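A short reminder: the numbers here are calculations on the coordinates, not readings from a lab. Note that this is a predicted model, so its numbers are computed, not measured. As a convention, Cβ positions derive from the backbone with ideal geometry for all residues, glycine included, and neighbour counts pool all protein chains shown.
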Amino acid sequence: MLWAVIMAGGSGTRFWPESRQKKPKQLLNIFGRKTLLEQTFLRLKGGVPKERVLVVCQDKHAAQVRRLLKIDSRQIIGEPVGRNTAPCAVLAAATLLKKDPHAVLAFLPADHLIENQARFRKVLKTAGDLAERTGQPVTFGVRPAFPHTGFGYLEMGRCLHKGRQGLAVYHLKRFREKPGLRQARAFVKSRRFLWNSGMFVWRADQVIRTARRYHPGIYQLAQKITSGPAVRTMKTYFPKMKNISIDYAFMEPLKGKILTIPVDFGWNDLGGWQVLPEIWSADNHGNVCLGSSMLHASRGNIVSGRKRLIALVGVNDLVVVDTEDAVLVCDRRQTERIREAVQALSLRKKWHKYL
């Protein structure tokens, strides 16, 4: 009964200037020979058949997605505008219910790295069985390796049961927003908190039922879109959708009726340049470099360049990214603010070519 919904509609502004409107983060191959979208798709092999994968992306990228993944165009939903993850989930559920009234959906962001893919597929199957049987959403919570302040957290409640292959299932007590460092340390020390991976599995009929109850506007628009010619109805109705995430739209109202599985399969949410030291090996001075670079008396820098030599002398904790038409220089502790720079570019028409 399991289907996969790959959520690939984001813009990835924190990876600017590599990530652009024409080629957002999920279509880049910074982290391997294949794009992040392709990696997400390929790790499903052996867990979800190729023909049971639906991709939600920006409509201007639909043709590129179809070519990359070699899937039928009917397996792609192209969004005319960005409206966050809740409208994406409801529309995907409404679409797949017409094909399979018993569908169970695994909602998977397209910008994650997962090292142990066999383990991931085992967790996916366990979550699918659990979601089908209970009708409750099943979230994946990553056991925290350190007190990360860039992730949301899941607080575990009582244990439902110890499952097969060492997988335990807990009732989810509540979602917690990105904490400060002091609170993050307390979360990790308590052993009751997990990183919120943003992945979850849920029966399609329950997605629709929950949307109808808590966000009837999103539900009604999704019904209109799926009842008419796809291209015309998407352009007419999708922009009217409320811009809201799954966590706020559905997980908060369902507090106490959600399950979570603590997982450990080498997960990383690729939020921005600051994650590179967690993925690539650093030199003896803590520098991570992609491409040609020469660093002298410099520590803790992240450097990415494709063609030209990048030389750093006597500087610490910088992010330097060189592309054909733009160069980024940023304090490593300020990478969350790269999106502010992108927003500033959008306000000046002469700079739109850099977006």
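The HN-Hα couplings worked out from phi for segment 31-41 by the Karplus form 6.51 cos²θ - 1.76 cosθ + 1.60 (θ = phi - 60°) are 9, x, 6, 9, 5, 4, 4, 4, 4, 4, 5 Hz, whole numbers, x standing for Gly and Pro.
Entry note, the chain: relative contact order of 19 percent, from Cα contacts under 8 Å with a spacing of 6+ residues.
Per residue of the chain, what 222 nm ellipticity follows from adding -39500 (n - 2.57) for every DSSP H run with n ≥ 4, rounded to the nearest 500? If you can, show how the numbers build up before the last one.
Details: 10 runs with 99 residues, N = 355.
For the chain, the value works out to -8000 deg cm²/dmol.
Once you've got the Cα coordinates, tell me which of Lys50/Lys70; Lys22/Lys240; Lys25/Lys125; Lys60/Lys235; Lys22/Lys70; Lys25/Lys122 are over 18 Å apart.
Values: Lys50/Lys70 10 Å; Lys22/Lys240 24 Å; Lys25/Lys125 28 Å; Lys60/Lys235 12 Å; Lys22/Lys70 20 Å; Lys25/Lys122 27 Å.
Among Lys50/Lys70; Lys22/Lys240; Lys25/Lys125; Lys60/Lys235; Lys22/Lys70; Lys25/Lys122, the Cα-Cα distance tops 18 Å for Lys22/Lys240; Lys25/Lys125; Lys22/Lys70; Lys25/Lys122.
Could you size up the charge dipole of the chain around its Cα centre, putting +1 on the beta carbon of Lys and Arg and -1 on that of Asp and Glu, and report it in debye to the nearest 20?
Computed charge dipole of the chain: roughly 740 debye.
For the pair segment 117-139 and segment 293-355, the centres of their Cα atoms are 40 angstrom apart.
Between amide H atoms placed 1.01 Å from N, distances below 5 Å from Val5 occur with Leu54, Ala106, Phe107, Leu108, all of them 5 or more places distant or on a separate chain. Using the Karplus relation 6.51 cos²θ - 1.76 cosθ + 1.60 with θ = phi - 60°, the per-residue 3J(HN,Hα) values for segment 219-232 come to 4, 5, 5, 5, 5, 5, 5, 7, 9, x, x, 4, 4, 5 Hz, with x marking Gly and Pro.
Rounded to two decimals, the Cα radius of gyration of the chain over 2.2 N^0.38 Å is 1.01. Proximity of backbone amide H atoms, modeled 1.01 Å from N, is registered between Leu295 and Leu312 at under 5 Å, excluding neighbours fewer than 5 places apart on the same chain. Of all DSSP bridge pairs formed entirely within the chain, close to 45 percent run antiparallel. Phi-derived couplings, Karplus 6.51 cos²θ - 1.76 cosθ + 1.60 at θ = phi - 60°, listed residue by residue for segment 44-53: 7, 4, x, x, 9, x, 3, 6, 10, 10 Hz, with x used for Gly and Pro.
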